[in-house]
Amino acid sequence: MPPMPASAHPQAPSVWQKIRMGAMMGTGVGLTIGFIFGSYSILRGGAGPRGVLSTLSQYMLGSAATFGFFLSIGSVIRNDAPPQWEAARLQLAAPVLRSRNEGFAIMKARWQLEKARRSS
């Protein structure tokens, strides 16, 4: 049986895959930040009546949930448009960069206008 032909256009990730990827990245970042700030808080002020492990886990889980939620939403918002729209936008956008000759010609024209304005 011959192998299946490679698709000319690779499949973009779905919205749910983007949400899941953002949530997993945010959860990882949140766990790390929660560990850092929770450890600092415990070392600075003590663990309190619930103990070290409970206090640290509360910091880590709260931070992981917050970061995961916001990064999942942000990853969907940032990547909402299909890649074809981005390619079309880049083709239609005016170029920002100019060549040295064009920049020098524009600068020279502005100097000429400034001289004419000052002399009159």
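The values are calculated or read from the model by the stated rules, or taken from the named source; none is laboratory data. Keep in mind that this is a model prediction, so the values were computed, not measured. Here the Cβ is made from the backbone with ideal geometry for all residues, glycine too, and neighbour counts use every protein chain on show.
Within the range 14-42, no residue that is over 23 Å from residue 57 (Cβ atoms) sits with its Cβ atom under 7 Å from a residue that is among the basic types (Lys, Arg) and part of a helix (DSSP H, G or I) at 6+ positions apart or across chains. Selection of the range 86-106 for residues being surrounded by 10 or more Cβ atoms within 10 Å (Cβ to Cβ) and either in contact with a strand residue (DSSP E or B) (Cβ under 7 Å, 6 or more places away or on another chain) or at pLDDT 80 or above (or both) yields 102, 103, 104, 105, 106. Report, by residue number, each residue of the range 11-47 that is exposed (fewer than 12 other Cβ atoms within 10 Å of the Cβ) and either at positive phi or in contact with a Gly (Cβ under 7 Å, 6 or more places away or on another chain) (or both). Of everything in the range 11-47, just one residue is exposed (fewer than 12 other Cβ atoms within 10 Å of the Cβ) and either at positive phi or in contact with a Gly (Cβ under 7 Å, 6 or more places away or on another chain) (or both), namely 46.
Condition first: farther than 21 Å from residue 66 by Cβ and either of a type in the set (Gly, Ala, Ser) or within 33 Å of the chain's Cα centre (by Cα) (or both). Can you find one or more residues in the range 19-30 that meet it? Break it down into steps so the answer makes sense when it comes.
Taking the range 19-30 as the starting set, the residues that turn out to be farther than 21 Å from residue 66 by Cβ are none.
The answer is no; no qualifying residue exists.
Can you say whether residue 33 is modelled with pLDDT of 95 or more and either in a loop (DSSP other than H, G, I, E, B) or out of contact with any Cys (no Cβ under 8 Å at 6 or more places or on another chain) (or both), as far as the supplied structure shows? Here the answer is yes, as residue 33 does meet what is asked. Does any residue of the range 65-74 turn out to be surrounded by 13 or more Cβ atoms within 10 Å (Cβ to Cβ) and either more than 22 Å from the chain's Cα centre (by Cα) or in a loop (DSSP other than H, G, I, E, B) (or both)? Checked against the condition, which is being surrounded by 13 or more Cβ atoms within 10 Å (Cβ to Cβ) and either more than 22 Å from the chain's Cα centre (by Cα) or in a loop (DSSP other than H, G, I, E, B) (or both), the range 65-74 yields no hits at all. Of all residues in the range 101-116, none that is touching a residue at least 12 places away in the same chain (Cβ under 8 Å) and in a helix (DSSP H, G or I) has its Cβ atom under 7 Å from the Cβ atom of a residue that is surrounded by 10 or more Cβ atoms within 10 Å (Cβ to Cβ) and basic (Lys, Arg), 6 or more apart or on another chain.
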